[in-house]
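Worksheet: one structure, shown below.
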Amino acid sequence: MKNKEIKILLSAPRGFCAGVERAIEIVEKSIQKYGAPVYVRHEIVHNKYVVDDLKNKGAIFVEELEEIEDKSRPVIFSAHGVPKKIPDDAKNYNMTYVDATCPLVSKVHREAENLHKSGYHLILIGHQNHPEVVGTMGQLPNGSIDLIQNEDEAKKYNLKNKNKISYVTQTTLSVDDTKEIIKILKERFPNIKEPQKDDICYATTNRQMAVKNIAKKCDLFFVIGSRNSSNSVRLVEVAKKSGCPNSLLIHSQSEIPYKLIEKSNTIGISSGASAPEILVDSFINSLKKRFTVNIDEVEAIKENVVFKIPKKLN
């Protein structure tokens, strides 16, 4: 029997962003410079394949600095950013540290600090317990920044003091959901100060735009990425809202749903900003073994952003 033909619309841009590429390079260059092991506080980026690959090269992942047995070894802070207290703790331990925080997250940190210094009370739009949110809130004294996660919380938010108020956002949110939350805040607090430049990062915006671009043409949509990767989970939501209700995340434990694919004619594929292209290739190769596949790469925008790595590693 002839294999069923399926058309794949491959979303572009997809996969690694400049912040993720820089963070991975920082770990690899640190291993070259300092030898193994180097420690990494929290997953450097939210992807099991990447983390396992770096473990094999000599990285040891910990959640907190206390867990590091040999404090003479260097530690790297993940791309998501860390609370102010963490570099201070590293200094107290006399540890060498390299900060792999994405420059776009660092920009939000500086923004939050400057607003606080100017007497603003801050709102952070983001997801509770996400490491980026923990890092941003940890830039400021307790009580000077509040988290709002959704439209409902925005409607109920009570400004305790009558200070000037401003907001910043997590960099990996859904552009559309965030717009709605901001709209509510602006209606409730007409004088709220907004960031000079959108906080949601270029890569998140571009990947969501690329998915929107093709979702309505697809019977089924797959996003390759990890369950704890905020931007990957958002891409699945964007695909569903943009016209493809059958949108799924493919992570390291996923079984490929061949029965669903069998019933589809056109499938869309994208990947989160922390998912390496090798995972997309391997997914497509699994499909090629069972189906006759035609691939059409649909590029929404060209990306050419590169972030430099810290001088001490050059």
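A few comments on the model shown:
- Residue selected from region 258-288 under the condition hydrophobic (A, V, I, L, M, F, W, C) and over 19 Å from Arg227 (Cα atoms), by the criterion surrounded by the most Cβ atoms within 10 Å (Cβ to Cβ): Ile267
- Helices (runs of 4 or more DSSP H) fully within region 129-244 that include at least 1 residues being surrounded by fewer than 20 Cβ atoms within 10 Å (Cβ to Cβ) and within 15 Å of the chain's Cα centre (by Cα): 131-137, 175-188, 202-215, 230-241.
- Tally, over region 248-275, of residues that are in contact with a helix residue (DSSP H, G or I) (Cβ under 6 Å, 6 or more places away or on another chain) and in a loop (DSSP other than H, G, I, E, B): 5
- Cross-chain or 6+ apart pairs with Cβ under 8 Å, region 257-272 first and touching a residue at least 60 places away in the same chain (Cβ under 8 Å), then in a helix (DSSP H, G or I) and among the hydroxyl-bearing types (Ser, Thr, Tyr): Ser271/Ser232; Gly272/Ser232
- Listed by first and then second residue, the pairs linking a residue in region 73-90 that is in the same structural domain as Ile44 (by TED's automatic domain parsing) and more than 13 Å from Val38 (Cα to Cα) to a residue that is hydroxyl-bearing (Ser, Thr, Tyr) and not in a loop (DSSP other than H, G, I, E, B), with Cβ atoms under 7 Å apart and 6 or more places separating them unless they lie on different chains, are Gly81/Ser106; Gly81/Thr136; Pro87/Tyr97; Ala90/Tyr97.
- Residues that are of a type outside the set (A, V, I, L, M) and within 16 Å of Asp152 (Cα to Cα), drawn from region 175-202: Asp176, Asp177, Thr178, Lys179, Glu180, Lys183, Lys186, Glu187, Arg188, Phe189
- Options Glu25, Glu43; residue that is crowded, with 18+ Cβ neighbours inside 10 Å, more than 30 Å from Ile214 (Cα to Cα) and not basic (Lys, Arg): Glu43
- Some residue of region 72-87 being under 22 Å from Arg234 (Cα atoms) and surrounded by fewer than 20 Cβ atoms within 10 Å (Cβ to Cβ): no
- Residues that are in contact with a Lys or Arg (Cβ under 7 Å, 6 or more places away or on another chain) and of a type in the set (D, E, K, R), drawn from region 15-61: Glu28
- Lone qualifier among Ala203, Ala215 - being closer than 14 Å to Leu248 by Cβ and touching a Phe, Trp or Tyr at 6+ places or on another chain (Cβ under 9 Å): Ala215
- Ser11 meets the conditions (1) assigned by TED's automatic domain parsing to the domain that holds Gly272; (2) assigned to a loop (DSSP other than H, G, I, E, B); (3) not hydrophobic (A, V, I, L, M, F, W, C) in every case but one. The failed one is (2).
The values are calculated or read from the model by the stated rules, or taken from the named source; none is laboratory data. Nothing here was measured: the structure is a model prediction, and the numbers come from that model. Backbone-built Cβ (ideal geometry, glycine too); neighbour counts: all protein chains shown.
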